[in-house]
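Bear in mind these aren't lab numbers, they're just calculated from the coordinates by the rules spelled out. Because the structure is a prediction, the values reported are computed rather than measured. All Cβ positions, glycine included, derive from the backbone under ideal geometry; neighbour counts span all protein chains shown.
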């Protein structure tokens with residue numbers, strides 16, 4: 001076995017001779033001493049893999065010894081052993097980042113378990129996780145062959161994200177490669193499922209919650225005159241990113257329920273987020289509110305009237321509520337809202353749209369430094385966590401918790417890392433999005449797209465009489481034949497949205513109560 005060196009510190013070390021012999025017979029190398037001062041010197045002079053430390057010793061106490069060793073070797077695992085069950089001692093030890101806490105008398109198996117937990121932890125978790133995924137792989141493969149409802153797709157996508165995060169933790173590239181293949185297969189089947197069902201869903205009673213029904217289905221039931229509600233929409237947030245933010249949210253909020261809803265097509269901000277706030281499909285927005293709606297070829301911002309759309313939806317719903325809407329697109333605006341957030345305490349509903357993740361995905365396309373920092377999905381998640389922890393949004397959420405406000409956190413659509421090009425041809429006025437196109441004279445690869453020749457069939461506006469919509473499947477992105485190689489090199493491995501994929505269409509939503 002690998003040479004594992006243990007330092008055991010106890011003023012009655014002679015009484016522990018049977019424990020030490022037990023460990024030495026298992027192949028561990030044990031050094032002993034009887035006081036804190038010697039322990040501090042030994043830990044400074046020699047390399048140890050772990051320390052067992054008695055809490056109650058004459059002279060320098062166990063807690064003082066712990067602190068002194070940690071100052072010099074912050075990552076050295078230290079297991080505190082004590083006769084006392086005093087709560088303050090446990091709290092002091094835990095606050096000093098001990099690796100484990102054992103109550104005397106300890107038996108050899110407790111010591112062995114603590115060693116395995118601290119020294120073999122990564123290996124044991126890696127082996128168990130790999131074994132569990134291998135078993136689950138077969139089950140997911142069978143599920144993929146049979147999945148036939150939106151509920152089953154939500155469940156299956158949750159499983160895939162769960163295993164992606166689990167395998168990422170153990171850094172098993174082989175298993176992650178297998179999972180990537182399984183995700184690709186899932187996205188291919190999901191595309192076929194959407195192609196078959198999407199149009200019928202929009203006029204059926206048996207359909208998932210969509211962007212335009214989210215407010216009615218999830219926000220309205222959580223409104224209360226007794227408790228304000230903060231509704232946060234983080235643009236472009238995928239399920240995997242939401243999952244890694246959850247532990248941070250859990251410090252201040254406890255999750256009451258988690259749901260998932262489906263983004264409408266195109267899975268793009270102009271369509272999905274306007275639908276979220278208006279409670280209408282795009283063709284209905286164009287008809288009812290032409291002063292607010294803009295088509296792909298129109299000049300000006302596409303999402304300038306979200307608050308007006310929301311206000312109209314609140315009126316149509318017959319709700320008598322006070323609400324405020326904030327769109328945060330830079331650090332200054334975020335800090336401004338965080339500093340003044342207590343001013344929202346009279347609101348029944350406070351809406352915050354935060355654009356950072358969307359900006360991050362676009363920056364990955366345009367800036368080399370972001371391409372390196374977010375080179376793959378794991379790095380993209382890590383960057384999202386780092387931003388969130390240090391963002392004004394996190395401060396806003398903490399202020400909401402202090403005001404006792406309920407929290408809904410969600411997004412308008414997801415995004416996918418695009419790997420493969422698909423050629424498309426059209427006139428100069430076709431839309432510029434890389435995952436969907438609309439306009440005249442479109443020519444494309446039929447096998448690569450979900451094509452809707454009459455946009456009205458899926459409640460989308462028509463730019464002209466012959467302006468179909470096409471949506472890219474899986475991880476494809478549209479590229480023009482002119483200057484094809486340069487275009488493909490520039491956009492490959494960038495995060496895009498607008499098309500049909502699990503990542504873009506299945507949207508996370510958590511409802512939280514303040515702790």
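Please state the shape class of region 417-497: rounded when a/c is under 1.5, otherwise prolate if a/b exceeds b/c and oblate if not, all from the C-alpha gyration tensor.
Prolate is the answer for region 417-497, as a/c is 1.5 or above and a/b outweighs b/c.
Quickly work out the residue 195-to-residue 13 label distance, labels modelled 7 Å from Cα along the C-beta direction, and quote it in nm with one decimal.
Taking the simple label geometry, residue 13 and residue 195 are separated by 7.2 nm.
In nanometres, what is the gap between the two model label sites at residue 134 and residue 376, each 7 Å from Cα along Cα-to-Cβ?
So the label points at residue 134 and residue 376 sit 2.1 nm apart.
Just to be sure I follow: if Rg is taken over the C-alpha atoms of region 5-119 and Rh is the Kirkwood radius over the same atoms, what is Rg/Rh?
Result: Rg/Rh = 0.92.
Helix 150-170: angle to the longest alpha-carbon principal axis of the chain, degrees 0 to 90, nearest 10?
Taking the Cα atoms of the chain, the angle to 150-170 is about 40 degrees.
Could you work out the Kirkwood radius for region 106-168, taking every pair of different alpha carbons, averaging 1/r and inverting it, reported in Å?
Result for region 106-168 stands at 13.9 Å.
Mind ordering 50-62, 243-255 by average Cβ neighbours within 10 Å, highest first?
So the peptides 50-62, 243-255, ranked by packing, come out 50-62, 243-255.
What FRET efficiency, computed as 1/(1 + (r/R0)^6) with R0 = 22 Å and r the Cβ-Cβ distance, is obtained for residue 488 and residue 425, rounded to the nearest 0.05?
So, using R0 = 22 Å, E works out to roughly 0.90.
Please check which bits of region 275-296 a label hung off residue 217 would reach, taking the label as a point 7 Å along Cα-to-C-beta and the cut-off as backbone N under 19 Å.
Those under the cut-off are 275-285.
So what is the relative contact order of region 122-201, in percent, for Cα pairs below 8 Å that sit 6 or more residues apart?
With pairs under 8 Å counted, the relative contact order is 37 percent.
So for the pair residue 145, residue 451, with labels modelled 7 Å out along Cα→Cβ, what separation do we get in nm?
Rounded to a tenth, the inter-label distance reads 3.3 nm.
What FRET efficiency comes out for the pair residue 398/residue 184, r = Cβ-Cβ distance, R0 = 41 Å, nearest 0.05?
0.55
Could you tell me how far the Cα centroid of region 178-246 sits from the Cα centroid of region 422-466, in Å?
One Cα centre to the other: 24 Å.
Given the Cα-Cα distance of residue 346 and residue 257 and 0.36 nm per residue of separation, how much length would full extension add, in nm?
Residue separation times 0.36 nm, minus the Cα-Cα distance, leaves 29.6 nm.
Order of 379-388, 70-79, 466-475 by packing, highest average Cβ count within 10 Å first?
Ranking the peptides 379-388, 70-79, 466-475 by packing returns 466-475, 379-388, 70-79.
Test of understanding: what is the full-extension gain from residue 480 to residue 226, defined as 0.36 nm times their sequence separation minus their Cα-Cα distance?
Extending this stretch completely gives an extra 85.9 nm.
How much of the DSSP bridge set in the chain is antiparallel, in percent, rounded to the nearest 5?
Antiparallel: roughly 40 percent of the beta bridges in the chain.
Once a ≥ b ≥ c are taken as the square roots of the eigenvalues of the Cα gyration tensor of the chain, is the result rounded (a/c under 1.5), prolate (a/b larger than b/c) or oblate (a/b not larger than b/c)?
It comes out prolate by the Cα gyration axes.
If you average the sequence gap of Cα pairs under 8 Å that are 6 or more apart and divide by the length of the chain, what percent do you get for the contact order?
Result for the chain is 16 percent.
For a paramagnetic label modelled at 7 Å from the Cα of residue 386 toward its Cβ, which residues of region 143-183 fall within the zone defined by backbone nitrogen distances under 18 Å?
169
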